[in-house]
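The values are calculated or read from the model by the stated rules, or taken from the named source; none is laboratory data. All of these numbers come straight from a predicted model, not from anything done at the bench. Here Cβ is always computed from backbone atoms with ideal geometry, including for glycine, and neighbour counts include all displayed protein chains.
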Amino acid sequence: MTDWIPVDASGLTLEQKASLTSGADFWTTKAVPDAGIPSIMLTDGPHGLRRQAGSADHLGIADSVPATCFPPAVGLGASFDPALAERVGVALGVESAIADVAVILGPGVNIKRSLLCGRNFEYFSEDPILAGVMGAGLVRGIQSRGVGASLKHFAANNQEFDRMRASSDVDPRPLREIYLRAFQHVVEDAQPWTVMCSYNRINGVYASEDPWLLTHVLRDEWGFEGLVVSDWGAVNDRVKGLPAGLDLEMPASGGRTDAQLVAAVQGGTLDERALDVAAGRVLDLVRKAQARPPASGPDIDDGRWVAAHHALAREAAGRSIVLLKNDGALLPLHAGQKIAVIGAFAETPRYQGAGSSLINPTRLDTALDAIREVVSDAAYAPGFSLTGHDDDAQLAADAVAAAAAAEVAVVFLGLPAAAESEGYDREHIDLPAAQLAVLDAVVAANPRTVVVLSNGGVVALPFRDRVPAIVEGWLLGQAGGSATADVLLGAVNPSGRLTETIPLRLEDSPSYGGFPGEFGHVRYGEGVLVGYRWYDARGLEVAYPFGHGLSYTTFSYGDAAAAVTSSGDVTVTVPVTNTGAVAGREVVQVYTGRAGSIVQRAPRELKAFASLQLAPGQTREVTLTVRRADLAYWDVRVDRWVMEGGAYTVEVGSSSRDIRTATTVQIAGDEVRLPLTMESSVGDLLADPVAGPVVQQAMAALTGGFDDDDGMAKMMASFPIGRMVGFPGVPVTREQIEGLLAAANAGR
Ligand code: BGC
């Protein structure tokens, strides 16, 4: 029962209201004991619970109580499975409830704009639909346990360099269609209890004080009903931020900004009603949090959840692994083989990123132990040093000897922890030279080499033509070691897919040269062509495309069919068959395109996907829904979403560059009626049913007529009609044009 918590802020004093809207300390809100309002805790997030018991920080410095470290978003996203994300979310909710945490700070659905963003491991994808669908799954799971999620970092926070000041300068279309779209999906589909505004500015305005972002878009357009919390330290000017829509400042400001609010209300520069609204939202959040019954149940009371969540972390990690290459079916390995495990990451896993998301895991599996559980005599050589304190030449020599004596060498390579982190970006995408050198030496000694990668951001793969098998393990959480062994040894058939393109070179990537900006501004010059949209539009060869990932079985696709439903969505149906000898999971991907569009578009865009398990020989017909809203573009002329009518290609495949079947669907568009003015072009008038014939006739009289593919017609099409007045040889008056425009506009 939460009856004792006031339903609104009307009974509170000005000072009480101000105090409610900022933190008490690092992780909790303020209690107002006189009014019966308790304090609640908000803490990180996103792929495990980071509840600090002693000293507090938001940079991953001081310890936190043990919690399950699930795969960070870079891994989980590769499952392309929102149901799995939801199950992980449930576990996060349970652990939060056990620790009496009201809100867990995640998920993060920012778009991976650049390969270099130091925090890409915390984000799902370069694609907004994928990020939005996966984020919504996590939120649903967390909140099903009476715990709030915090959707972050809102918005256009796509780099760490200068993150607390830099302005992301983004045009309306990419902002809406790429950077806000994932947030919109999560808000509309899962209604998170809180949204965390980001540190950065957007087109010059701090996210924490942007009424357009925090109120107009988030609440008025998307229907957000929860509370907006600042990122930790994101408040620039609280008196400005509060009426813009920032409800809660975190962490504490020591009373300084509360006093500013009180003074502003008293001085008449801040409307007290804005404070009432923000304080009311804090009360709502406190009430929701208090409504959760205490966490209990057999698994919780006797601690069995630890083992159950570890098992789920292992399953999720297995689903996150992407098999990039497997020539000659080198994988899976089997127990009877003589295997050499090489690379320090096999023994000392790199399983999560650095910063505020750093989890203190309940357990930690290593791939070496897990492999040896099946292949007890597997040899091991670290190959390189993670500390820099060992004799590199000796390590390399031992690795080569182990590889030469084995049937198969499995080499664990990866980025060192300091190479990628919250708070700073990467400068390149290369693996350490010492690791690459060891790999070369191992391959020379034994060409039957499997590379296993641990990295939160994309790395270049200069060896990809020289090794037969590559396993992209991303960062896999605390059970990543055993999950990697599951995939290597075939206990799990890999099904992860690339959520981001692996290009041949950093220089090919969309934001190259436009990242991380300069002098406080970063211009998103690539526009809507982010990620695979860019590589496809430019026809660039890539190392591995978006959506790619192999399996130990094979799948075939029948013909796709697409139809528009009564609600305007498009349903796509396709039969998929497991044509191999083992059970496996296929990620069916639907991409749409619109050739000849009136706006710039990528050749194909992911609009729906499904992950389905198939027994050998089994066929299933899968139906996917492409939402009409997801096909719309943001029309800058009318400042709203518009569905362009016409023929859309619907491609269905196993990756963005492995399209198996395609069809076309005709979709009715939204009408955009813009009044014709003196600025309208001859072409605009020609397209109008009233003005068109008149202009056509006048032009014919003037020129003797020209046909459609006459260059003259094209040239005239962009001539503003108003400039015709007084033009030598054009006998038209201003009044005549005004009359024509009035007649045409009357019919609009
Ligand atoms: C991060 C957030 C995090 C917060 C609290 C900030 O530095 O950007 O993602 O939730 O700290 O630790």
Legend entry - Condition met for Asp425 (within 30 Å of Arg163 (Cβ to Cβ), within 16 Å of the ligand (Cβ to nearest atom) and within 38 Å of the chain's Cα centre (by Cα)): yes
Inset, instruction - Considering only segment 37-78, state which residues are in a loop (DSSP other than H, G, I, E, B), under 18 Å from the mean Cα position of the chain (by Cα) and away from the ligand (no atom under 14 Å from the Cβ). - result: Phe70, Pro71
Inset, instruction - Just one of (1) of a type in the set (A, V, I, L, M); (2) farther than 24 Å from Ala311 by Cα; (3) touching a Lys or Arg at 6+ places or on another chain (Cβ under 9 Å) trips up Val375, so point out which. - result: (2)
Inset, instruction - Would you mind stating whether Asp635 is charged (D, E, K, R) and either modelled with pLDDT of 95 or more or assigned by TED's automatic domain parsing to the domain that holds Val588 (or both)? - result: yes
Inset, instruction - Any chance you could count how many residues in segment 623-640 are surrounded by fewer than 18 Cβ atoms within 10 Å (Cβ to Cβ) and either out of contact with any strand residue (DSSP E or B) (no Cβ under 6 Å at 6 or more places or on another chain) or closer than 28 Å to Thr577 by Cβ (or both)? - result: 9
Legend entry - segment 103-123 - residue that is under 13 Å from Ser357 (Cβ atoms) and in a strand (DSSP E or B) and, of those, farthest from the ligand (Cβ to nearest atom): Ile104
Inset, instruction - Scan segment 39-51 and give yes if some residue there is surrounded by fewer than 24 Cβ atoms within 10 Å (Cβ to Cβ), touching a Leu at 6+ places or on another chain (Cβ under 9 Å) and more than 30 Å from Leu612 (Cβ to Cβ), otherwise no. - result: yes
Legend entry - Only listed residue being acidic (Asp, Glu), more than 16 Å from the ligand (Cβ to nearest atom) and within 19 Å of the chain's Cα centre (by Cα), chosen from Asp81, Asp100, Asp8, Asp34: Asp81
Inset, instruction - Kindly state which strands (runs of 3 or more DSSP E) lie completely within segment 498-588 and contain at least 2 residues that are surrounded by fewer than 23 Cβ atoms within 10 Å (Cβ to Cβ) and over 24 Å from the mean Cα position of the chain (by Cα). - result: 555-557, 561-564, 570-578
Inset, instruction - Give me a count of the residues in segment 1-44 that are of a type in the set (Val, Ile, Thr) and closer than 18 Å to Glu272 by Cα. - result: 3
Inset, instruction - Determine if segment 639-653 includes at least one residue that is polar (S, T, N, Q), farther than 21 Å from Ala744 by Cα and not assigned by TED's automatic domain parsing to the domain that holds Val725. - result: yes
Inset, instruction - Given the conditions (1) surrounded by fewer than 18 Cβ atoms within 10 Å (Cβ to Cβ); (2) of a type outside the set (A, V, I, L, M); (3) outside any loop (DSSP other than H, G, I, E, B), report the number of the one that Thr592 does not fulfil. - result: (1)
Legend entry - Selected residue (criterion: farthest from Ile37 (Cα to Cα)) from residues of segment 273-286 that are crowded, with 17+ Cβ neighbours inside 10 Å and among the charged types (D, E, K, R): Arg281
Inset, instruction - Kindly indicate whether Gly45 is out of contact with any helix residue (DSSP H, G or I) (no Cβ under 6 Å at 6 or more places or on another chain) and either within 30 Å of Gly353 (Cβ to Cβ) or of a type in the set (S, T, N, Q) (or both). - result: yes
Inset, instruction - Look through segment 120-167, keep the residues that are among the basic types (Lys, Arg) and in contact (Cβ under 8 Å) with a residue 60 or more places away in the chain, and return whichever of them is surrounded by the fewest Cβ atoms within 10 Å (Cβ to Cβ). - result: Arg165
Legend entry - Of residues in segment 223-252 being touching a Pro at 6+ places or on another chain (Cβ under 9 Å) and in a loop (DSSP other than H, G, I, E, B), the one nearest to the ligand (Cβ to nearest atom): Trp232
Inset, instruction - Please work out which one of (1) surrounded by fewer than 24 Cβ atoms within 10 Å (Cβ to Cβ); (2) touching a helix residue (DSSP H, G or I) at 6+ places or on another chain (Cβ under 6 Å); (3) assigned to a strand (DSSP E or B) is the condition Glu86 fails and give its number. - result: (3)
Inset, instruction - Examine segment 257-268 for a residue that is touching a residue at least 60 places away in the same chain (Cβ under 8 Å), touching a Ser or Thr at 6+ places or on another chain (Cβ under 8 Å), away from the ligand (no atom under 16 Å from the Cβ) and closer than 17 Å to Ala9 by Cα, and state whether such a residue exists. - result: yes
Legend entry - Those strands (runs of 3 or more DSSP E) lying entirely in segment 125-217 with at least 1 residues more than 16 Å from the ligand (Cβ to nearest atom) and over 21 Å from Ile104 (Cβ atoms): 167-169
